[in-house]
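Below is one structure, written out as structure tokens, with a few remarks after it.
The values are calculated or read from the model by the stated rules, or taken from the named source; none is laboratory data. Keep in mind that this is a model prediction, so the values were computed, not measured. For the accessible areas, the whole protein counts, side chains as well, though only heavy atoms, and no ligand, DNA or RNA atoms are used. Shrake-Rupley method; radii C 1.70, N 1.55, O 1.52, S 1.80 Å.
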Amino acid sequence: DCQGIIMSIQTKSEVFPRFNEFDSYGILHHMTYFSWLEFSRYEFFKYLGFDLKQLFLDGCYFVLLESNVVYHRMISGFNTYYITCTVDKENHTDSKITLIQTVLDKNNKKFITGRIVLAIVQNNKLKLKLPNDIILKLRK
């Protein structure tokens, strides 16, 4: 049972918009947010000690079940931004991991909030319970 897991881990990844990520109006294109959030998710699992490439080679990988992005304000400059990533404690279950990600500037002004739900597939079968090694790393 994952109810007792302490999931106060939060990572913070740094991103910088590239010229090709802006639309013709000088606003960061909305598809860029998803790649930024994917990068943040990768950094989160790397911080926990997962070798995602090795997991994939072993036939075990995270699959995206749900993705939701809330737009708060536009990104229109070549500044450094930060993406926080943490486990959503209220929506976590034994079979799914829900992550909350937020894109901030250096003054902690919020630009984007993302929520994703992940499950584990192992040997092409959806796992109904997270493997114990993943649960232990979430307790870190």
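Between Ile116, Ile97, Ile27, the GNM of the chain built on Cα springs shorter than 10 angstrom shows Ile27 fluctuating the most. Between the helical axis of 30-47 and the dominant principal axis of the chain, each derived from Cα atoms, what acute angle in degrees is found, rounded to the nearest 10? The answer is roughly 40 degrees.
Exposure check, 1.4 Å probe, all protein chains in place: Thr80 carries approximately 50 Å² of accessible surface. Taking 37 °C and 0.692 mPa s as conditions, the chain diffuses translationally at an estimated 205 µm²/s according to Stokes-Einstein applied to its Kirkwood radius (Cα pairs). Think of a 1.4 Å ball rolled over the protein heavy atoms: the chain then has 60 Å² of accessible area per residue.
The 3J(HN,Hα) values that the Karplus relation (6.51, -1.76, 1.60; θ = phi - 60°) gives for the range 69-86 are, in residue order, 10, 10, 8, 9, 7, 7, 9, 9, x, 8, 9, 7, 10, 10, 10, 8, 9, 8 Hz. Gly and Pro appear as x. GNM remark for the chain: springs join alpha carbons under 10 Å apart, and the peak mean-square fluctuation among Gln54, Gln122, Gln101 falls on Gln54. How large, in percent, is the carbon and sulfur part of the accessible surface of the chain at a probe radius of 1.4 Å? Roughly 51 percent of what the probe reaches on the chain is carbon or sulfur. What is the log10 of I(q)/I(0) for the range 72-112, computed with the Debye formula using one identical point scatterer on each Cα and no solvent, at q = 0.16 Å⁻¹? Computed log10 I(q)/I(0) values: -0.50. In a Gaussian network model over the chain where Cα atoms closer than 10 Å are linked, find which of Leu104, Leu57, Leu126 has the largest mean-square fluctuation. Its mean-square fluctuation being the largest, the pick is Leu57.
The mean sequence separation of alpha-carbon pairs under 8 Å and at least six residues apart, normalised by the residue count of the chain, gives a relative contact order of 32 percent.
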